[in-house]
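So the structure is just underneath, and the comments pick up after that.
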Amino acid sequence: MATLAQLETIAQELIDLHEVRSPPVPVESMLQKPKDDMWEEMDISQISGNFLRIDDAYSPRMSMARLLARHLVRSEWGQERGLELSDSDEETIRTFARTLIMPRSMVAELSTGARSPATMRLHFEVPEDEAQQRLKELSRY
């Protein structure tokens, strides 16, 4: 099972590989246009509406981030980096999705005042509860 530090490292490597310099992290295009043949290109327009949470304007982005996390777990690229999770490890998949969409390095660039769930919601385009959970995870450092 991957530790939070390992998930952070893998997420940052993916962010760097895709040359993402500022939020919001383009999880949709990462899924559609993977680098280095990480997996087959995906047509996200074919995703069922039942898959996407829609209780918040930004919930579909978190659903996409979880899908990206699952693709990474299954990919040779992820396995080469020690990403050993099963699809049934839902809590770790959710944690990994938050590290992908709200990378530690980008959160660290925010002013102290901007590190609030309400501000991060807008900055990273994520539901406020996910931003709050991410701040809890980052407080471990």
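Here are the numbers for the structure shown:
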{"quantity": "The chain, helix-only ellipticity at 222 nm - DSSP H runs n ≥ 4, -39,500 (n - 2.57), divided by all residues, nearest 500", "calculated": "-16000 deg cm²/dmol"}
{"quantity": "Cleavage-rule hits, GluC sites (Glu not before Pro), the range 58-114, DSSP coil, Cβ neighbours within 10 Å at most 14", "calculated": "Glu84, Glu109"}
{"quantity": "Estimated FRET transfer efficiency when R0 is 22 angstrom, pair Lys33-Arg70 (beta carbons, to 0.05)", "calculated": "0.80"}
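FYI, it's all coordinate maths here, none of it is from the lab. Predicted model only: the values in this text are computed from it and were never measured. Don't worry about glycine lacking a Cβ; one is built from the backbone with ideal geometry, like all the others, and counts go over all protein chains shown.
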